1. I'm trying to understand the selection: among the residues of the range 31-41, which are under 24 Å from Ser66 (Cβ atoms) and surrounded by 17 or more Cβ atoms within 10 Å (Cβ to Cβ)?
2. Restricting to the range 12-48, and then to whatever is under 12 Å from the mean Cα position of the chain (by Cα) and either of a type in the set (A, V, I, L, M, F, W, C) or not in a helix (DSSP H, G or I) (or both), can you tell me which residue is modelled with the lowest pLDDT?
3. If you take the residues in the range 110-152 that are in contact with a Pro (Cβ under 8 Å, 6 or more places away or on another chain) and either closer than 22 Å to Ile35 by Cβ or of a type in the set (Val, Ile, Thr) (or both), which one is most open to solvent (accessible area, probe 1.4 Å)?
4. Cβ contacts < 8 Å: first residue within 24 Å of Leu127 (Cα to Cα), restricted to the range 174-191; second residue surrounded by 10 or more Cβ atoms within 10 Å (Cβ to Cβ) and of a type outside the set (Ser, Thr, Tyr), any location; separation 6+ or different chain. Result?
5. Scan the range 153-172 residue by residue and report those that are closer than 19 Å to Gln40 by Cα and open to solvent by 30 Å² or more (accessible area, probe 1.4 Å).
Amino acid sequence: MEDTHSIEEQQIIADILNGNKQLYSVIVNRYKHRIFCFIQGMGIPREDAEDLVQETFIRAYRKLASHRLDSSFSAWLYKIAVNQAIDARRRQKNWLPQEYIAHKEALNTPENVMLRSEMISEVHALLQVLKDEERLVILLRYTNELSYEEIANITGLSSHQVRNRLHRAKKRMKKALTEEVRDYELLEASSNGR
């Protein structure tokens with residue numbers, strides 16, 4: 001059984017295709033933040049990520065008629081975003097990962113802001129130990145909460161391959177984190193031994 005969100009989205013898309021082009025802003029507003037976070041999570045600087053979000057929505061609008069209404073719109077849109085990010089990464093091999101800090105300033109103490117910033121830096125550093133294809137499935141699964149099947153549609157992998165990549169990626173991140181903790185403990189022990 002389809003959820004009401006999916007049915008509503010299908011109706012919006014059908015209305016856009018029937019000439020109500022202003023409704024496209026509903027789609028853009030619904031997905032722009034998630035697409036931006038996803039693209040930036042792929043290690044693309046903020047300014048470039050903003051451009052790629054716009055390009056994603058322009059391309060999606062132009063190809064909207066090719067979207068099958070009986071399939072997931074979000075998976076289709078993420079596939080476009082993935083292709084945009086991959087193309088951009090190919091053109092610009094020297095990008096460095098940028099931090100993404102959520103804009104929730106209300107009730108934030110300076111300590112919480114600093115801790116969140118450090119935590120985000122650590123997560124981004126861990127993401128960088130992954131291969132691009134591993135990082136892609138991690139971001140789609142955990143920042144965008146997509147199912148294995150949706151990720152498979154976006155990436156062209158089977159659900160089994162998605163599970164395997166997720167497993168390998170988590171294992172690689174755990175190993176990197178374990179090594180970092182070990183190095184920190186060694187450094188701490190050597191500084192206490194002086």
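1. Keep residues of the range 31-41 that are under 24 Å from Ser66 (Cβ atoms), which gives 31-32, 34-36, 38-39.
Hits for the range 31-41 are Tyr31, Arg34, Ile35, Phe36, Phe38, Ile39.
2. Gly43
3. Keep residues of the range 110-152 that are in contact with a Pro (Cβ under 8 Å, 6 or more places away or on another chain), which gives 124-125, 127-128.
Remaining after also requiring either closer than 22 Å to Ile35 by Cβ or of a type in the set (Val, Ile, Thr) (or both): 124, 127-128.
Numbers: His124: 26, Leu127: 10, Gln128: 63 Å².
Checking each candidate, the answer is Gln128.
4. Qualifying pairs under 8 Å: Ala176/Leu126; Ala176/Val129; Leu177/Leu126.
5. Passing the criteria: only Thr155.
The values are calculated or read from the model by the stated rules, or taken from the named source; none is laboratory data. Bear in mind that the values here come from a model prediction, so they are computed numbers and not experimental data. In this analysis, Cβ positions are derived from the backbone assuming ideal geometry, glycine residues included, and neighbour counts consider all displayed protein chains. Remember, those area values only see protein heavy atoms, side chains included, never the ligands or the DNA or RNA. Shrake-Rupley method; radii C 1.70, N 1.55, O 1.52, S 1.80 Å.
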